[in-house]
Each structure stands twice: as C-alpha cells, then as structure tokens.
1. Name the residue that is surrounded by the fewest Cβ atoms within 10 Å (Cβ to Cβ), counting only residues in the range 287-305 that are β-branched (Val, Ile, Thr) and within 28 Å of the chain's Cα centre (by Cα).
2. Scanning the range 306-325 for residues that are under 22 Å from Asp557 (Cα atoms) and charged (D, E, K, R), which turns out most open to solvent (accessible area, probe 1.4 Å)?
3. With respect to Ala360, is the statement that it is in contact with a strand residue (DSSP E or B) (Cβ under 8 Å, 6 or more places away or on another chain), in contact (Cβ under 8 Å) with a residue 40 or more places away in the chain, within 30 Å of Arg254 (Cβ to Cβ) and of a type in the set (Gly, Ala, Ser) true?
4. Could you check, for the range 465-473, whether at least one of its residues is surrounded by 19 or more Cβ atoms within 10 Å (Cβ to Cβ), in contact with a Phe, Trp or Tyr (Cβ under 9 Å, 6 or more places away or on another chain), more than 30 Å from Phe55 (Cα to Cα) and at pLDDT below 95?
5. I'd like the full set of residues that are acidic (Asp, Glu) and over 22 Å from Asn558 (Cα atoms), limited to the range 268-296.
6. Can you name the helices (runs of 4 or more DSSP H) wholly within the range 145-262 that have at least 3 residues being among the acidic types (Asp, Glu)?
7. Only one residue in Pro521, Pro505, Pro553, Pro544 is touching an Asp or Glu at 6+ places or on another chain (Cβ under 6 Å) and either under 23 Å from Val364 (Cβ atoms) or of a type outside the set (S, T, N, Q) (or both), so which one is that?
8. Checking Val377 against (1) closer than 30 Å to Leu245 by Cβ; (2) open to solvent by 10 Å² or more (accessible area, probe 1.4 Å); (3) of a type in the set (A, V, I, L, M, F, W, C); (4) modelled with pLDDT of 95 or more, only one condition comes out false. Which one?
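The values are calculated or read from the model by the stated rules, or taken from the named source; none is laboratory data. Treat the numbers as computed from the prediction; the structure is a model and nothing was measured. Here the Cβ positions follow ideal geometry from the backbone for every residue, glycine too, while neighbour counts run over all protein chains shown. Side chains are part of the model used for accessible areas, which takes the heavy atoms of the whole protein and leaves out ligands, DNA and RNA. Shrake-Rupley method; radii C 1.70, N 1.55, O 1.52, S 1.80 Å.
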Amino acid sequence: MGALYLIRDDDRAGERLDAARAQFARHGFGTTTPIGGAGFTGFHAAPFHGGPDSFHADGGDLIAVAGTLSYDRKLGRPALSALLRDFQFPYTDWTRLHGQFVLFVRKNGRAYLLTDYFAAFQLFHDADRGMFSTSFLAAAKSLDRVSFQAQGVYEFAFNVFPTGNDTVLRELQRLGPRRQLELGQTVKAIEVEKPLPETATQEPLQDRVERTATQLRALIAPFAEYYGDKIQCPLSGGLDSRLALSLLRDAGVRPHVYVYGAPHLPDVQIAKKIAEDEGFDLEIFEKAKHARITPDDFAETVERNFHETDALVTDGGLFDNGGNAEARHARQRNGQLAVSGGCGEVFRNFFYLADRRMTARDVVGAFFARYTQGDVVPDFDADRFLGNLEAKALRAVGEQYAGGRLPRPVIEQLYPRMRCRSFFGREISVVGRQGGYLMPFFDHQIVAAALTLPISLKNAGKFESALLVHIDPKLASYPSTYGYSFDTAPTYQHRMSEFGTRVRPPWMRKHSYALRRRLGPIRDEQGGLLTPAYLGRVLDLHFPHMSRYFRVPNIEDNGLYRRVATLEYLAQHLEGRLG
C-alpha cells in the first residue's frame, strides 16, 4: 500500500520534489513522509484508504513499502520491523516474504530498492537511474523531455500494457524482477535469480490439491487475522473468484461479496443464486448506471479518472461515467482489504496451447498478435513487433532457450512472468497503492506449485476445480458460466471448445484477430463514452499524436480505440515536454 518517490539530491531536486508531491496529491494521497539516503531524497505516502502500516523507522534505519506484503506471516508494523531487522542486500529469502510491492530500505547508512518476486508492483525510473517513482505521471513530469516509444505504444494498444521493462515512453523503464539496487553516487545493480519450475511432475492429484490448499491457507491467514470481516471479495460465474471466496470462508471470514454487471447477465444470476442459498448479502454494481454524465460534465470526470488511475488504465475507467472509480474506491474505503482472483489461470492452460515444445516466437505470435494491418500506419513492422516480444519472452524465462523450442512447462512460465506482470501488475499498482490488495494466486510459491502441473490437469480447469471442491465443496456445487458445476466433470461442449483452440497451430492463431475483424466490429464489456459528442470534449478527434502510429478511422474494436484514445489524452497532457 502507499507510494514512494526518490530523486538524486542535486540542484533541481527541490523543484522536482514539489512537482512530484503535487502529482501524488492529484492521485489522492495526503501527507507524505520524507525518505532518502545515499545521495537520494524523496518521500513515502501512506495509502489514503488506510490499512496496515507501510512505513517504519528505527533510529537512523527505515523501511517504506508501496504495495501489500506479509513477512513471516505478519502484516504492518510487526512485519516491517522484522523485515528491517533481518534485511540483507541482496535480498534472497523468498520463503518469508510475500505480496506485490516496491521496497525502500535504509540500513546502516546504505539505501536499497527492490520489487516483489515478479516485479508486479511497478517502479518507474529514468535512463541513468537518478529518479524512481511508483507514479508514472510523476516520473514523466520529472523529465524535461519525453517521447513515445513505438513498441510500448503498440503493446499498450494491442495487449493492454507493455511487457518486459518497457513503458509507452522511451525515457522511462520499469525495474525488472531480477534486479535489486543499491543507491549511491553510482547506482549499483545486483542480479538475483528467481527460479521457477521448468518441469512438470507426476504425483497423485489429491496430494497436489492438499499441498496447494495448505499453501493458500497459510497465505490467507495473516490477512484474515488482521482484517477479519473487513474484506471485499468478487463473485461471478467463473472459477477464480469462487476459489478466492472459498479461501476466505475457510479462514472464518464473512467478506462483503459483490458482482459487476447488469441483473440479467449470467455472472450476476449465478452470484445471486449462490448468495441466496448461502445466506450472505450480495452487492450488484452496474458501473454503466452509476451516474448520468452529460458532455458538459465529461471533461472534469475524465481528468479526475486520469489522475486517479495514473494515466494508463487497463479497463474502461478513463472515458466513463465515474463508475469504475467508485467501484475501485468502494473495495478499500475505511481500511478494507480488496481480494482478487486475478492470476487464477495459472492453474489452467491460459494460452490454450497444445502440450508440446514451441519456439518463443510461436507463443508470442499465437497470443500477442492482436492487430490488423488496416489499423496501423504503413511503417508498422509486424516482424519487428513480434521479434521484440520474442526477445522479452526469452529474457523472462532465460536466454538459454534462444534459438530452440521451449519445454512446455517453461512456456507456462510466460503467463506469470510476462502476461500477469504486465496486465495484473498495472492493476495492482493502481489499486494496491490506495489500500490493501491481495491477489493470492499471483504469489510466487503458489505460481511455482502450479507450474509443476501437467497440462492434462490444467485443461478444462481439472486441478483448480478439484482444489475448490477440497476447500469448499458447497461452493463448488453451484452452476457456472461454463455450463456445469465445478464438482462435476466438464461438459463435452466445454471440452471441445477448449480443444478447438488448442489444436489450431500457432501460425494460424497468429492471424485469428485479423480474421475476426473481417467479420465485423468488436465490442468488449468495458464500454465507455466513446462517441464524438463525449470524446470530442476531451480530445482532438484527428488524433494528432497517435495518428503517427494508427489509422484511427479504421479502428472498429472499441477496446483498441479506447486505448488509443487513452494514449492521445496522455500525449495532450504531456504536450509541453513531448519531443
């Protein structure tokens, strides 16, 4: 939880600190606490919705956290005090430290920065590592000149957020998962290995289920003890949110349960059925009906959304009626913990790929080639775009696989190391700074256990369903949007639906999005007020900045259009320093 900002202590540090504090205030933060050391100065901001302590000082030593962590199964000050006492650089004892966070430690006159196991909580820095910020906007405004980077722009537009260490700006990078820093006149970077299993194992299903359930219970326990019933948990017709709810119920917690969507939707109907039969209240929140916004009100709403979400939002929460913001704040007000089922697909065959070796280029082509040549300018080079993604995939799993085919379990590593880090990492970094945020299935020990699963146990959610049945058989017995309850075998239709994707070769999958676009416009559930009457109030609809990358009038995918509009709005905001 919370946020932090550090800048090299030079002649311009004062003005940059003032600008950063002003930006953090626009994010919603209040009072800040000075931090620094080893030639850097800055501040830490506590989460504005409250929660466990995220700052602790002991004499001249201190520890400041942005994000949510547990240490030795403790939260808040007890966790920070113990971690500061035990901390050694580089930090390698990941059996004791869990969560998604950025950590600043000053100890014995030296200062350090590091991230969580996957670097999910984002820490932005400039090229010479003279500035570090958990706020993208504050980082951008600390630089005199910035410019868009084509690869980052296209990855954001096509796939929701740039992968690897990229951002949409050439001058800003994110600190990677294997890199830990010691601050000083010269910032020293230490590479730390963070291994994950590279082979699947053979063992009885029930043994796996019991071991994973034990790990998840241990992970949940300190949060259940600290927050009690002050926990918010989603529920839908899918598997991941139901598994998250089962863990909370198993821990003796009665969380506040909610579902997003219109009353007639299957997710809402199934959640209502479960809540009625199980005797708990269910909040049904329909974001689109949160408020009626006129075009005259739109500019103020978008500006507020822009600063609250730090510019680069992964859902429809920029050009909307404020419903996404209200939903986000409601989950953590008054110090509540927001729980997410995100990354639950680590237990499943997320990429829907066949159980065989493939090249990294095959994988990124099958999953990340979400573009059509008609939407981009002639300068767009598809081979270069996919080649850059291939290089990032290899850096994520290990350069030793370059030029060869990845073992199937190593392909599975790309889900947490590449996809979850970029997609859920942005969500974690926005939501996790305002209050407590727990994504238990993105814990490194849970991920490691899931990576030993044979693909046969991942297909059709076989293992995850068995895990749910083991923890909460009653919850498992209710219907799902897959067409069956999780305590029964998947239907033939569901198995054939997955199989139909798995058997398509990667070269064919690479063209799936372009073929789908030929069938007509694509709409997603995020929606947004994207008509000219609204969008024209906040953007130049000629898209003067993004037209360098896209043929915007051709775009008939409202998710893509919304993300391109997000980049155009960012460009307008940074116009005075864009190079």
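1. Ranking the candidates gives Thr301 first.
2. Asp315
3. No; evaluated as a whole, the condition is false for this residue.
4. Scanning the range 465-473, I find no residue that is surrounded by 19 or more Cβ atoms within 10 Å (Cβ to Cβ), in contact with a Phe, Trp or Tyr (Cβ under 9 Å, 6 or more places away or on another chain), more than 30 Å from Phe55 (Cα to Cα) and at pLDDT below 95, so the answer is no.
5. Selection gives Glu276, Asp277, Glu278, Asp281, Glu283, Asp296.
6. 205-227
7. Pro521
8. That leaves (1) as the condition not met.
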